[in-house]
Each structure stands twice: as structure tokens, then as C-alpha cells.
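One structure is given here, and the rest of the page talks about it.
The values are calculated or read from the model by the stated rules, or taken from the named source; none is laboratory data. Here the structure is a predicted model, which means the values were calculated and not measured. Cβ: placed from backbone, ideal geometry, glycine included. Neighbour counts: every protein chain shown. The accessibility values were calculated without ligands, DNA or RNA, using every heavy atom of the protein model including side chains. Shrake-Rupley method; radii C 1.70, N 1.55, O 1.52, S 1.80 Å.
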Amino acid sequence: MLMTQGLGAGYKKLQVLFDVSVTVPEKQLTVVVGPNGSGKSTFLKTIFGLTKIYSGKIMLDGVDITGLQPHQIAYHGISYVPQVDNIFSNLTVYENLLIATHGLNIDESSIDDVMEMFPHLKTYRNKKAALMSGGERQMLAIAMSLLRKPKIMLFDEPTGNLSPKMAITIFNIIKELRENHGKTILLAEQNAKKALEIGDKAILLVSGKTVYQGDANALLTHEELGKLYLGIK
Ligand SMILES: Nc1ncnc2c1ncn2[C@@H]1O[C@H](COP(=O)(O)OP(=O)(O)OP(=O)(O)O)[C@@H](O)[C@H]1O
Ligand SMILES: [Mg+2]
């Protein structure tokens, strides 16, 4: 579904990613893991048109989307949920969901459908999003993203700063998006062990280079890579 070829990207003069050639298969959950600062977030941002691309290309369903603006990439069917600032805190839950439908032909019943999936959100329907817990805010961000009916969903550390219990809830929601909604997902995660347990495929980035891509389980049980880069014993 999504493919990068020889991708080099970064910020102004600082190149962060080098020659990244990976594929993200349809209807699977691909996790991006790697040490701090290895370029996981930069990789997701690059796919969504938020960094400077020096080389290579990004293909979505055979269409070259390299260098497009984020709003154009969104219209091509990619959704991106950044780790922070992914909702409007001073708007209500309903208003946030309404904003997520902007520019798309999505009727209001879809908002109710999405809210059914997340009972927590229903409780806060007409209350400001700022009143919700961190985990509930992540659920709102995921719901906003899902509402746009994307072909592929990018999540950047949706469990960052959450309690272990809430992190499991969010991981389960992501698993459900893949299993029951047939979504293609690219998930960047610090919690490598948990991510590799739920992922189908994995990409290991180290210093902006691809050190591994393949089955998530094979990376989880790899003799060296897990120990060397991911703190997995
Ligand atoms: N907006 C930016 N401007 C300049 N450099 C940046 C910017 N964002 C990230 N970087 C740099 O890019 C490199 C990769 O950062 P990135 O955030 O992609 O890593 P990461 O793998 O997501 O790390 P973490 O596990 O901490 O989330 C780091 O050296 C970082 O300092
Ligand atoms: Mg990051």
C-alpha cells in the first residue's frame, strides 16, 4: 500500500533519515521501533509532508505523493495522529469530531457511529476536551482520524505518558482498527516489546537507517537486535 524508496529527509540542514526503503502492507499493523532520536517520528512526519525531503520517493497505492503538502496527502487517504497537540482542548468532543470531517463528504451520523466505538467520548460529547484524561484525549484523536475514513493511519506514540492500564486500552483499540475495521496502520512506539507483540510487521530504525524490516515476531525473538537496540531480553 505504502512504499518508500531511498528516502532521505530531515529538517533544513539536518538530515535525519538516510536511504529508507520500506513497504507498509495493506490491512496490516506495521510498527516502527528504535532507540530515542532514531527518527521514528521524523519518518511518520515525512510521509505526511512535514519535513524536508532530500532524496527518494513515497508511493501510496502506486501514486507518487513525494513532496505534496500535508492537506493534499490527507486527501489521498493518509491520516496522521501526532503524539501531542492532536486535539483542540478548548472545543467540545463533538466539535472536535465535526472539525475532523472538514472538507470531506461525511454526514453527522458517522460522528455518532464513531462515538459508539468509544463510550468514554459519549460521556463527554458536549464537554470541553480539556476535561478528559490523557487516555481519553488519545481516544478522541484516534476517533477524529478514523472519522476521515483513511486508507492508512499513522500513529506517533499514542501511549506516551499514559498509565500502563490506559496504554493497554489504546493498544487494544489499535488492534481492533486492524482486525475489525481492516485498517492499514503504521505505529511508531517507544514501548518496543508491546508494539512488537501486537504488530504484524516491524521496521527498526537506528540513526535514521533501516536496520531491520520484516515480521514483528521475528524481531521480538531476534538473538541480537532486540537486546542491542530495544532493551528486550
Ligand atoms: N523539528 C525539528 N527540528 C530539528 N531537528 C529535529 C526536529 N525534530 C526532531 N529533530 C531531530 O531529529 C532526530 C530524530 O528525532 P525523532 O523525533 O524523529 O526521533 P524518534 O525516534 O521519534 O525519538 P523518540 O523515541 O524520542 O520519540 C533527533 O536528533 C532530533 O533532535
Ligand atoms: Mg518520536
Checklist entry - Any idea what angle helix 164-179 forms with the longest principal axis of the chain, computed on alpha-carbon atoms, 0 to 90 degrees, nearest 10? => result 90
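Can you tell me which of 2-9, 175-182 comes out highest on packing, and rank the rest after it, using the mean Cβ neighbours within 10 Å?
Values: 2-9: 19.1, 175-182: 13.6.
Result, highest mean Cβ count within 10 Å first: 2-9, 175-182.
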Checklist outcome for this item: Rounded to whole angstrom, the alpha-carbon centroid of segment 8-48 lies from that of segment 125-154 at a distance of 23
Checklist entry - When the distances between all Cα atoms of the chain are binned every 5 Å from zero, what whole-number percent does each bin get? => result 1, 7, 15, 18, 20, 17, 12, 7, 3, 1, 0
Checklist outcome for this item: Spelling it out for TYR212: with amide H atoms placed in the peptide plane at 1.01 Å from N, the residues 5 or more places away or on another chain with amide H under 5 Å from its amide H are LEU204
Next on the checklist: Amide H of VAL16 versus every other amide H placed in the peptide plane: which residues, excluding those fewer than 5 positions away on the same chain, fall under 5 Å?
Outcome noted: ALA9, GLY10, TYR11
Checklist entry - Taking the alpha-carbon centroid of each part, what is the distance from segment 82-118 to segment 165-203 in angstrom? => result 21
Item to check | Peptides ranked, highest mean first, by Cβ atoms within 10 Å: ranges 45-51, 65-71 | outcome: 45-51, 65-71
Checklist outcome for this item: Karplus-derived 3J(HN,Hα) from phi for segment 133-139 (6.51 cos²θ - 1.76 cosθ + 1.60, θ = phi - 60°), whole Hz, x at Gly and Pro, runs 6, x, x, 5, 5, 5, 4
Checklist outcome for this item: Checked segment 1-89 against the a/c 1.5 cut and the a/b vs b/c comparison, axes a ≥ b ≥ c from its Cα gyration tensor; verdict rounded
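Once R0 is set to 30 Å, what does the formula 1/(1 + (r/R0)^6) return for the Cβ-Cβ distance between ASP85 and GLU223, expressed as a FRET efficiency to the nearest 0.05?
According to the calculation, E is roughly 0.15.
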Item to check | Percent antiparallel among DSSP beta bridges (both partners in segment 143-233, rounded to 5) | outcome: 55
Next on the checklist: Given an 8 Å cut-off on Cα distances and at least 6 residues of separation, report the relative contact order of segment 182-233 as a percent.
Outcome noted: 28
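In segment 78-208, carbon and sulfur make up what percent of the accessible area (probe 1.4 Å)? If you can, show how the numbers build up before the last one.
Working: 2830 of 5770 Å².
The C+S portion of the solvent-accessible surface of segment 78-208 is 49 percent.
Only four residue types carry charge here, +1 at the Cβ of Lys and Arg and -1 at the Cβ of Asp and Glu. Report the dipole size of the chain about the Cα centre in Debye, rounded to the nearest 20.
Values: 25 positive and 22 negative charges, 118 e Å.
Taking the Cα centre of the chain as origin, the dipole is about 560 debye.
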